[in-house]
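The values are calculated or read from the model by the stated rules, or taken from the named source; none is laboratory data. Every value quoted in this text rests on a predicted model; they were computed, and no experiment measured them. No Cβ is skipped: glycine too gets one built from the backbone with ideal geometry, and neighbour counts run over all protein chains shown.
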Amino acid sequence: MCAKSLSKRRESHLIVILFIISSTCAEEYRIVTTWDNRTIDHPDRPVVIRLERHDVSAFKISVDAPFYNDPPDPNGTVGEPFFTLWDYEVVEVFFLNDKNQYVEIELCPWGQHIVLLLDGQRNTIRHSLFIEFMATRNSTHWQGVAFIPVDLLPPSVTKMNAYAIHGSDENRVYESLYPVAFNSTPGADFHNLAAFKPFNASIIVEYVPVTYSEVWFDSFVGIRTLEIKHTWNGTLLDSKDIVKLQIGTQSGLGLIIQIDAPLYGDPRPPSPSGWPSNGLSSYEVIHLFLLGENDTKTLELQFGPMGHYAVVFWTGRTQLADLEREITYRSAMYSNRWMGEALIPLAYLPPRVYKCNAHSAHGPQGNQRQVNSLYPANSNEVRPDFQNYGNYKAIDMSMIYPGNDDLVCSDVWAANVNCRAEPPTPSAAGHAPIGHYALLLITALISTFIMVA
């Protein structure tokens, strides 16, 4: 009897200890003021934000907020980034360090989100990063739970602020956790870093990052890292089968794509390496798809381990057969992996690339062929479909190539598809037309481009 009583007391003590630990690793915030320090008109039901640890790789943000349905649903894909979400009904949380580097996390009652990294006030260096976010709502309230990778935090976070926005046009309402003084500024500015308050980052992470994560480093240098680590239908791959792609730019001359992939030893394609190869998709290959605005124009790039490549232009599911464009491509094979590097002329990009997907494939055709995907298919699909744009996800190309935002087609696209009517310019969308001889010239000029084995 005494043993059971002692055991129960120990359990009670353990529960109390766990509660205390949990309480020290979580904090609740209520937004009760407008951006200019006036009391909100709904003090009995303010926006409540709870911050807490989740695990070593992520922290958790929970939101409980009034639901206004104003503005209405932005109609973006639920669970995915939505650019300009700040124009809708949204709750925002910012984490700042003493170098004015910060992450902005925006959550919407309809299930969309957007995450931005900023280096200096209002200087966005990355957007449309992925997080896990779920939202539910009824007629009066909405609740959301987001899991934020710790890698998205800047080093040594010391301050934070949070905001809630709803309403349209002249009825737009801005609320702040830490407001500015009344009549101190002409309008709401959520990037007024002087308004942020001290924050104990150990509330959300056990070990506060003091160095830049790979995400931050890549954002500084203009690189996007993509990893193919699932089969086409969503099964997690073994680490040795993961493909890593890095996308950047080379002095404005083109898009640089670097590949680090497993080598399976499939047969060599019959065509010569170093030139466009028809039928490469039937061999050991990496596919990268870059999708332009309105889901109508796509650039497909195929890379093989033995120096073969293909460039395919699509409008919807129709291939532009007359275009067999050249790129500069090098590859090197090792015992069980291969590496490649390609220079893609900017003129090959469709206007406003905003989504992408990537796949790796090897083995014989048919049921034995192994196909893996950056963004796997939905559970109701029975076979890989590389042209299913519903499986594509956001990429912030404009952060590494500012000309991406232009609506004008390059000469390559304009000569083959219907593009927006725009006044002709010497270099449409910042894309200079690049032919074979220009590519040879670029190759000669870029001495650092050839891979170092």
Exercise for the section: Could you name every one of the strands (runs of 3 or more DSSP E) located completely within segment 106-215 that has at least 3 residues being surrounded by fewer than 18 Cβ atoms within 10 Å (Cβ to Cβ) and modelled with pLDDT of 95 or more? Expected result: 132-137, 141-149
Exercise for the section: Could you tell me whether segment 362-376 includes any residue that is in contact (Cβ under 8 Å) with a residue 12 or more places away in the chain, surrounded by fewer than 19 Cβ atoms within 10 Å (Cβ to Cβ) and within 30 Å of residue 75 (Cβ to Cβ)? Expected result: no
Practice task
For segment 267-287, state whether one or more residues are closer than 30 Å to residue 124 by Cβ and in the same structural domain as residue 345 (by TED's automatic domain parsing).
Solution key: yes
Fill in the blank from the handout: The condition of being free of Cβ contacts under 8 Å to residues at least 12 places away in the same chain and among the aliphatic types (A, V, I, L, M) holds, among 311, 382, 353, only for 382
Fill in the blank from the handout: Of the listed residues (326, 293), the one being surrounded by fewer than 21 Cβ atoms within 10 Å (Cβ to Cβ), within 27 Å of residue 82 (Cβ to Cβ) and not hydrophobic (A, V, I, L, M, F, W, C) is 293
Problem - Lone qualifier among 52, 28 - being free of Cβ contacts under 8 Å to residues at least 40 places away in the same chain and either touching a Phe, Trp or Tyr at 6+ places or on another chain (Cβ under 9 Å) or not in a loop (DSSP other than H, G, I, E, B) (or both) - result: 28
Problem - Among the candidates 318, 328, residue that is touching a Ser or Thr at 6+ places or on another chain (Cβ under 7 Å) and over 24 Å from residue 230 (Cβ atoms) - result: 328
